[in-house]
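Scroll down for the structure; my scribbles are underneath it.
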Amino acid sequence: MRKRLTITNLKKMKQDRNAISVLTAYDYPSAKLAEEAGIDVILVGDSLGNVVLGYDTTIPVTIDDIVYHTRAVARGAQQTFIVADMPFMTYGIGRESTLRNAAKIMQEGGAQAVKLEGGADIASDVSALVKAGIPVMGHIGLTPQSVHQLGGYKVQGKLDADAERLMNDAKALEEAGAFSIVLELVTEPLATMISEMLTIPIIGIGAGRGCDGQVLVYHDILQYSSPYFEKKFVKTYADIGTTIRNAIQSYVEEVKSGQFPEEAHVFSAQPAAIPALYGGANEGQKDPVNDKKDLPKKGVRLT
């Protein structure tokens with residue numbers, strides 16, 4: 001049984017150029033499979049809103065949603081470092097509320113760290129959480145909770161001004177005490193520069209090859225959705241969606257045709273035992289149902 005990584009281990013992995021593998025998971029079986037496969041870090045992302053709960057964005061995801069799914073993941077991956085997203089409007093709304101919400105995720109969900117979207121604008125929140133003993137992973141670039149403000153899902157850092165802003169955001173998060181940062185949909189040259197500039201691990205998603213690690217969504221690498229939309233930064237490792245759909249279709253067809261269940265799927269019993277099991281009577285035995293006819297009515301005295 002392996003030992004769970006720590007933020008110290010993760011920082012050393014960057015120093016040793018040992019790439020960090022991160023995968024989202026939202027329930028017990030996916031977390032257990034991820035751990036068995038050797039994943040370094042599991043992220044319980046608010047992306048569960050899109051891929052599990054059926055929302056168009058991550059914004060409707062609540063802290064109770066995150067706690068519920070993190071708790072399930074923690075049961076399935078007991079030896080893996082787990083990071084949980086702080087959902088929309090659970091931070092940046094006052095120091096006390098931010099601390100209380102992060103504590104809820106850690107205490108009730110069982111995460112080892114929380115992740116916040118934003119840069120210099122949330123650095124004070126990151127600093128407060130770190131001082132309270134809560135490890136924080138940052139998230140800059142495309143920040144899904146701000147998708148409406150960003151004008152959609154667009155690659156970040158193409159313009160010089162945007163690139164400079166992202167570099168400043170990354171520095172601010174490191175100075176505030178974040179142990180790692182996710183860079184999402186950022187140009188490869190900029191992501192490489194940030195990775196080299198900072199001493200903490202930079203985890204890329206659609207940010208190219210210069211990062212210290214990569215994170216992808218469980219349902220994306222397995223095409224576990226319908227319909228599945230191709231993404232340039234995702235590599236598909238299995239088409240589970242088609243396999244599941246075909247399997248269910250075969251089940252439906254066999255039920256309709258009477259092919260299922262077969263002999264191998266049913267239970268047999270000795271013929272004489274069946275009536276006794278279901279209230280009947282064997283020859284020479286009293287029938288407990290019919291024998292009730294001979295019992296006296298309530299209130300009648302026996303003589």
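Checking Ile93 against (1) of a type in the set (Val, Ile, Thr); (2) within 21 Å of Arg71 (Cα to Cα); (3) surrounded by fewer than 24 Cβ atoms within 10 Å (Cβ to Cβ): exactly one of these is not met. Which one?
Among (1) of a type in the set (Val, Ile, Thr); (2) within 21 Å of Arg71 (Cα to Cα); (3) surrounded by fewer than 24 Cβ atoms within 10 Å (Cβ to Cβ), the lone unmet condition for Ile93 is (2).
Is it true that some residue in segment 190-200 is within 25 Å of the chain's Cα centre (by Cα) and either aromatic (Phe, Trp, Tyr) or not in a helix (DSSP H, G or I) (or both)?
yes
Could we say that Thr8 is touching a residue at least 60 places away in the same chain (Cβ under 8 Å) and not hydrophobic (A, V, I, L, M, F, W, C) here?
Judged against the criteria, Thr8 is not a match.
Can you name the number of the only condition in (1) free of Cβ contacts under 8 Å to residues at least 12 places away in the same chain; (2) of a type in the set (Val, Ile, Thr); (3) under 30 Å from Ala172 (Cβ atoms) that Thr199 fails?
The number of the failed condition is (1).
Output the residue which, of all residues in segment 219-244 that are at pLDDT below 95 and under 15 Å from Val52 (Cβ atoms), is surrounded by the fewest Cβ atoms within 10 Å (Cβ to Cβ).
Ranking the candidates gives Ser226 first.
I'm checking my understanding of the structure. Among residues of segment 113-146 that are surrounded by fewer than 17 Cβ atoms within 10 Å (Cβ to Cβ) and under 29 Å from Ala74 (Cα atoms), which one is modelled with the lowest pLDDT?
Among them, the one singled out is Ser146.
When both residues are 6+ apart or on different chains and their Cβ atoms are under 6 Å apart, which pairs have a first residue that lies in segment 205-218 and is under 17 Å from Lys14 (Cα atoms) and assigned by TED's automatic domain parsing to the domain that holds Glu184, and a second that is surrounded by fewer than 22 Cβ atoms within 10 Å (Cβ to Cβ) and at pLDDT 95 or above?
As it stands, the answer is Gly208/Glu188; Gly210/Thr192; Asp212/Lys14; Gly213/Ala19, since those pairs meet every condition given.
Among the residues of segment 26-46, which ones are of a type outside the set (D, E, K, R), assigned to a loop (DSSP other than H, G, I, E, B) and either under 8 Å from the mean Cα position of the chain (by Cα) or at pLDDT below 95 (or both)?
Across segment 26-46, the qualifying residues are Tyr26, Gly45.
Going by the conditions given, is Val44 among the β-branched types (Val, Ile, Thr) and either outside the structural domain of Gln145 (by TED's automatic domain parsing) or within 18 Å of Ile7 (Cα to Cα) (or both)?
Against the criterion (among the β-branched types (Val, Ile, Thr) and either outside the structural domain of Gln145 (by TED's automatic domain parsing) or within 18 Å of Ile7 (Cα to Cα) (or both)), Val44 qualifies.
How many of the residues in segment 283-303 are of a type outside the set (Asp, Glu) and either part of a helix (DSSP H, G or I) or modelled with pLDDT of 90 or more (or both)?
Here the count works out to 3.
Name the single residue, out of those in segment 104-136 being touching a residue at least 60 places away in the same chain (Cβ under 8 Å) and in contact with a Ser or Thr (Cβ under 7 Å, 6 or more places away or on another chain), that is farthest from Gly157 (Cα to Cα).
This residue is Gly109.
The values are calculated or read from the model by the stated rules, or taken from the named source; none is laboratory data. Since the structure is predicted, the reported quantities are computational estimates derived from the model, not experimental observations. Using ideal geometry, Cβ is built from the backbone for each residue, glycine included, and neighbour counts are taken over all protein chains shown.
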